[in-house]
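Report on one structure; see the data block that follows.
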Amino acid sequence: MKLTNEFTSKKVLVLGLAKSGVAAAELLHKLGAFVTVNDAKPFEESPDAQALLSKGITVICGRHPEDLLDEGFELVVKNPGIPYHNPIVADAVKRKIPVWTEVELAYRISEAPLIGITGSNGKTTTTTLLFHMLNQGGLKPLIAGNIGTVACKVAEEASSDQIIVTELSSFQLMGTEAFKPKISIWTNLYEAHLDYHGSFDEYGEAKFAVTQHQDASDLFIYNQDQEEVAKFAKRTKAKLMPFSTKGRTEEGISADEEFVYLHGEEYVSRKQIALPGEHNLENVLSAIAAATTLDCPKETILHVLSSFTGVKHRTQFVRDWNQRKFYNDSKATNTLATKSAIAAFEDPVILLAGGLDRGHSFEELRPHMNRVKALISFGETSGRLKEFAESCGVSQTFMVHDVKEAVHLAAEISVPEDIVLLSPACASWDQYPNFELRGDDFITAVFNLKD
């Protein structure tokens, strides 16, 4: 960790606990800041708050006092999920108090260079794939960010001969001020999280923070096929490395139906890539681009490409049961992700979908529903999904209570060579605290199927 006096005796408010808030509060306390933590959960129900208090950190729990900022705070570090229309956050912005997420802290203290990876879809797969390449190539990477490990905690322990591969959401990036990764990757940009950002333009600007402060000594790897991302690329001062899945290009990295090309030269046959689906090709190209830039051995990259089959809950192969293949894509919480998952398969798909009803349309799925032989829906959107599938000509549609029932019904109605795909197209919060638990239920049910 870099030694810094930047936070010594500075009054800092950490808004919201969870993993990122706890890590930020502990780090700032070590760096000599006067830290106050504010969280809505009552103190007696929060072991984290109790632990922080025992370390000498001021804790205000169970409420968010409207006059909290009158205490003279010089910095607010907020949980990424807290929106900017939150009264305290809005008040901080009005008072011109900097509002950060812990990612900014990670950058400011890290001795190790950072790789920042963002995008509407594919962040986790790209992050994990690149991590495996660098790890097997002996480059001592660490993994952090939205993937589950708090970035500032990883940065605190990283040394200068390591590199931190960091998955970054728009929520995290919006709370950065000077964040400057050595390599940044922007996989794609689609409409998402507009309830948080307010507009597609603001969402794009938040993503742009991944490269905004880079300079000519840094590298920006970006999706050349998307006009919106390409427009943002014109604004960065970093060196550019475009990727394209639309055919061979002379610059950057590209792919056609047969090969991946690096600077126009054949690099690897697509038949050697184990990760399924056209949508994953963006992730593969991004990871190769970053790994080759860091001089990761080609044989290592090719080995990982031939063995890496995906990330848990993201088109994850679970089991071959009686010649039916079961895939867990619980992370697909929107129609775009589900569309990509369906398109990854050529065999008939039995689609398991449903969840929290936000009132959004499923029309984006329509062009691909001809691949779906049956729909089994669950959760709040069960009825709407059934009606939609029938309007697409899907002849077999069923409604069940939950994922476990869906798995057992899928086993009953499927035949050899069918694909059983959990790809909900909806958030999980009507029945599950998160998509991971939904996916775990699916995995358990699949392995409980009897031959």
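The values are calculated or read from the model by the stated rules, or taken from the named source; none is laboratory data. These figures come from a predicted structure and were not determined experimentally. Neighbour counts run over all protein chains shown; Cβ positions are idealised from the backbone, glycine included. Side chains included, ligands, DNA and RNA excluded: accessible areas come from the protein's heavy atoms. Shrake-Rupley method; radii C 1.70, N 1.55, O 1.52, S 1.80 Å.
Summary table below
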| quantity | calculated |
| --- | --- |
| Per-region count, segment 408-451, residues in a helix (DSSP H, G or I), of a type outside the set (F, W, Y) and more than 26 Å from the chain's Cα centre (by Cα) | 6 |
| Qualifying residue in segment 127-142 (condition: buried (at least 20 other Cβ atoms within 10 Å of the Cβ), at pLDDT below 95 and assigned to a loop (DSSP other than H, G, I, E, B)) | no |
| Odd one out for F326, checked against (1) in contact (Cβ under 8 Å) with a residue 24 or more places away in the chain; (2) surrounded by fewer than 24 Cβ atoms within 10 Å (Cβ to Cβ) | (2) |
| Scan of segment 187-237 for residues that are over 20 Å from the mean Cα position of the chain (by Cα), closer than 21 Å to Y107 by Cα and not β-branched (V, I, T), ordered by number | H213, Q214, D215, A216, S217, D218, L219, K237 |
| Number of the condition not met by S160 [criteria: (1) in a loop (DSSP other than H, G, I, E, B); (2) crowded, with 24+ Cβ neighbours inside 10 Å; (3) out of contact with any strand residue (DSSP E or B) (no Cβ under 7 Å at 6 or more places or on another chain)] | (2) |
| Complete set of residues in segment 107-120 that are of a type in the set (A, V, I, L, M, F, W, C) and open to solvent by 10 Å² or more (accessible area, probe 1.4 Å) | L114 |
| Segment 309-340 - residue that is of a type in the set (S, T, Y) and under 17 Å from A445 (Cβ atoms) and, of those, modelled with the highest pLDDT | S330 |
| Test: residue in segment 75-87 that is touching a Ser or Thr at 6+ places or on another chain (Cβ under 9 Å) and at pLDDT 95 or above | yes |
| Within segment 282-392, strands (runs of 3 or more DSSP E) holding 1 or more residues that are more than 23 Å from the chain's Cα centre (by Cα) and over 29 Å from Q272 (Cα atoms) | 372-378 |
| Residues located in segment 107-118, provided they are in a strand (DSSP E or B) and closer than 10 Å to T176 by Cβ | G116 |
| Identity of the residue in segment 360-375, open to solvent by less than 60 Å² (accessible area, probe 1.4 Å) and not basic (K, R), that ends up nearest to S428 (Cα to Cα) | H360 |
| Residues located in segment 352-369, provided they are touching a residue at least 40 places away in the same chain (Cβ under 8 Å) and not basic (K, R) | L352, A353, G354, G355, L356, D357, F362, L365 |
| Elements of type helices (runs of 4 or more DSSP H) in segment 1-106, at least 2 residues being farther than 21 Å from A144 by Cα, out of contact with any His (no Cβ under 6 Å at 6 or more places or on another chain) and open to solvent by 10 Å² or more (accessible area, probe 1.4 Å) | 47-54, 87-94 |
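Rundown of residues vs (1) touching a Cys at 6+ places or on another chain (Cβ under 6 Å); (2) within 22 Å of A155 (Cβ to Cβ), yes/no style:
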| position | (1), (2) |
| --- | --- |
| S20 | no, yes |
| L27 | yes, yes |
| L31 | no, yes |
| V35 | no, yes |
| F73 | no, no |
| N79 | no, yes |
| D91 | no, no |
